[in-house]
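For reference, the structure is listed below as structure tokens.
The values are calculated or read from the model by the stated rules, or taken from the named source; none is laboratory data. On a predicted model such as this, the values are computed, not experimentally measured, just so you know. Please note: Cβ atoms are built from the backbone with ideal geometry, for glycine as well, and neighbour counts cover all protein chains shown. What goes into the accessible areas is simple: the full protein's heavy atoms, side chains included, and nothing from ligands, DNA or RNA. Shrake-Rupley method; radii C 1.70, N 1.55, O 1.52, S 1.80 Å.
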Amino acid sequence: MFGIHRTLLKLVILTLVAACAAVAQEPTATPVIKPESDSAIKSLSAKQLFGDADSYITRVYAEFNKQKLAFDPKIEARTKQEQKDLALKYAVALAERKSLTNDDAYYLGMLYHLAGNADEALRVIHRYLDGKPSGANAQVARAVVVLYSTRQNLLPDAEQAVADYAKNEPKDLREWFGMETLIADAFDKAKDYSSSLRHAQEMLKVAKLVASAKTVNTFQRDDLLFKAASYIANAYVKADKKADAIATISDLRHLALTMPSGRLLRFANLRLWELDRTVDQLAIFNETSPAPAALPELVAVQWIDQSPVKLSNLRGHVVLLDFWAPWCGPCRYTLPKLQRWHETYKEKGLVILGLTNYSGDIRGKAATPTEELAYLRSFKKENHLPYGVVVADSSANDLNYGVFSIPMSFLIDRRGNVRYIAMGAGDAELANLGKMIEQVMNEESEKTPATVTAARTQ
């Protein structure tokens, strides 16, 4: 479950130099943090009791760190059990009080949740939600209902809870995604594939919201999108609707090109191949959008033999972004082809940009950015690379384009559509890239030849 009651388990592994003796010791049986006394418990509010139990693990490990105790799995297991025992003790004491407010019911339910008492947690949280609460606590409570309802096969309850979550604020999109995932899984196990499909489609809707919000990194975004599309495809396959499954993954491939993300396209290609090995995986690259999405602009600290330029200013050109590094053997294999494509199409408006990052070393030896830049200039000259090189001091470009390995190349047509993503230096892949370059170069330009010439590599 994504983030249900995120207790931060700061399990810091300390250096063993000062703690070697502690590693060999058995964990002490005496808790480091003592729970509140019975008399103190009576004076604490429901919120305070929950806060004390909720923060127990964090406080224990902070104390262990002060004592310079090394991490031990036995200590971890014991501490988690202590938290459960403490939460149950507080829950029993709180439940015995004669009058509880609706907010008290929330904290009581969350104490049962911490204690791992699913039945009582679900019963009390339902009581709390019957009071029509709003706000963050109500949203957390709905997530708890989904968690335990799916475990107990109370799927109508889970569906109602997630529907209410979707209607209310605040929403944690990844929490919402996790709730839909639990329900889709539960219906799949029940062999109710139409219901599983419905919630898998909600997963994809939420994953796209996550992507639009840009609140997670590229790899996390791709994982959510691929997981959701895979759930949809699996539901279609189990319902004997293979064509719909293929269409779902084909849509994901289109999305990967639009974003763009080489990593997501790779995932989708593999899934499509699993579904049907006879599908023409190259057909998608012949499809274009009349209004393509704006591509991420390039991040650079240095431009070698190329005036700084924005991709948005290269409309009317065919652009090839080649992600590479001088230490990469397969990258070097592609260089002669890049040289040939540049010479063949430069007068027709092809702009090739080689994208690389400072790595901190040259041939295995530590190097400063200044030394690396000099090396890149020398490498470019010695290997007769006629196109510009873009140098970044971070992985920003790789993340923006979903680059998970190099070499990887993105072919962008004159309208700004990503038309091909070449992954690796295989002969077949490079041959396909060459064919796509020729095809895209022959398509109608949106700008005059003079404009193309003005923006070419300096």
### Task
Could you check the simple spin-label distance between ALA239 and ALA93, using points 7 Å along Cα→Cβ, in nm with one decimal?
5.1 nm
### Summary
In terms of the alpha carbon gyration tensor, root eigenvalues a ≥ b ≥ c, rounded if a/c is under 1.5 and otherwise prolate when a/b exceeds b/c or oblate, the chain is prolate
### Task
Provide the packing ranking of 75-81, 427-433, 359-365, 400-406, i.e. peptides ordered by the mean count of other C-beta atoms within 10 Å per residue, highest first.
400-406, 75-81, 427-433, 359-365
### Task
Could you calculate the contour length gain from GLN281 to ASP103, that is, 0.36 nm times the residue separation minus the distance between their Cα atoms, to one decimal place in nm?
58.5 nm
## Note on the structure
The answer for the chain, accessible area per residue at 1.4 Å probe in Å², is 49 Å²
#### Entry: Net lengthening on full extension, LYS66/ASP38 (0.36 nm per residue, minus Cα-Cα)
7.3 nm
### Message
Given Cβ point charges of +1 (Lys, Arg) and -1 (Asp, Glu) and nothing else, what value in debye, to the nearest 20, does the dipole of the chain about its Cα centre take?
### Response
380 debye
### Query
At a 1.4 Å probe, what is the % contribution of carbon and sulfur to the accessible area of the stretch 102-207?
46 percent
### Query
For GLU372, what is the net charge nearby, where nearby means another residue's Cβ is under 13 Å from its Cβ and Lys, Arg count +1, Asp, Glu -1?
+1
## Note on the structure
The local net charge around LYS189, scoring Lys/Arg +1 and Asp/Glu -1 for residues other than LYS189 whose Cβ lies under 13 Å from its Cβ, equals 0
### Query
Using a 1.4 angstrom probe and counting only protein chains, how large is the accessible area of SER394 in Å², to 10?
50 Å²
### Summary
Asserting the computed 222 nm helical MRE of the chain (DSSP H runs at least 4 long, -39500 (n - 2.57) per run, divided by residue count, to nearest 500) equals -18000 deg cm²/dmol
### Charge context of PHE219, other residues only, Cβ under 11 angstrom, K/R +1, D/E -1
-1
